[in-house]
Structures are given as C-alpha cells and as structure tokens.
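The structure under discussion appears below in the form of structure tokens.
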Amino acid sequence: MNPRLLFWVPAGLRLLVVLVVAGAVADWYGLIAGLAVLASTLLGAIGLQLWCLYRLGRWLDDPVGSRLPDGWGAWSDIFSRLYKLRRDDERNQAELA
C-alpha cells in the first residue's frame, strides 16, 4: 500500500470519529458540550504529538545510549525508519573501520 495512504487514511478516520462523537454529544447535550468534547480531544491529540516529539528529541540527543521510543500511529513508522537509518549507519561505520 502507498505509504502516504498509510498515514492519511487512519488519521482521517480518527478525525472523522472525533467529529462524529462531538456532533453526537452536541446533539444530545448541547453545542457547548459538543465543543468541549471536540476541544478536549484535539488538545489530547496535540499533547500526544508533543510527547512523541519530546521522546524523539531525547533519543536524538543520545541515540547510542538510549532505546528507541515506541510510537503510536505515524510515529511508529517514523521511529522504525530512524532505527533502520541508525542501524545502516552503524553497519557502514563498521565497514569503513
């Protein structure tokens, strides 16, 4: 499958689910409650992204001494690609030595 689709399809589906749930809450409990659900969910998603960026930054500061963090969603693909790059770099360094 196309790597772009592997990112956008799940991200789009998650956003659609959040919008449907917020719409249902707004229908049942009012607009303010729906907006509160939407805002809190989006803030949680932003927090998750910032946490993954923080963990990536910590790993990049010391890639040899620390373990590559586990990811969620697109982050797992990013972390695995970085691990492969690091492994290939170590292999190339060993060959050059």
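The values are calculated or read from the model by the stated rules, or taken from the named source; none is laboratory data. Quantities reported herein were computed from a predicted structural model and do not represent experimental measurements. Quick reminder, even Gly has a Cβ in these numbers, built from the backbone with ideal geometry, and neighbours come from all protein chains shown.
For region 1-45, a residue qualifies if it is aromatic (Phe, Trp, Tyr) and surrounded by 11 or more Cβ atoms within 10 Å (Cβ to Cβ), and the qualifying residues are PHE7, TRP8, TYR29.
I'd like to check something: does region 64-75 contain any residue that is assigned to a helix (DSSP H, G or I) and either of a type in the set (S, T, N, Q) or surrounded by 11 or more Cβ atoms within 10 Å (Cβ to Cβ) (or both)? Looking for residues that are assigned to a helix (DSSP H, G or I) and either of a type in the set (S, T, N, Q) or surrounded by 11 or more Cβ atoms within 10 Å (Cβ to Cβ) (or both), one finds at least one in region 64-75, hence yes. Residues satisfying the criterion are present in region 43-55 (criterion: modelled with pLDDT of 95 or more, closer than 22 Å to ALA11 by Cβ and assigned to a helix (DSSP H, G or I)).
Taking each residue of region 9-23 that is more than 10 Å from THR41 (Cα to Cα) and looking for partners that are among the aromatic types (Phe, Trp, Tyr) and loosely packed, with under 12 Cβ neighbours inside 10 Å with beta-carbon atoms closer than 9 Å, six or more apart or interchain, yields nothing.
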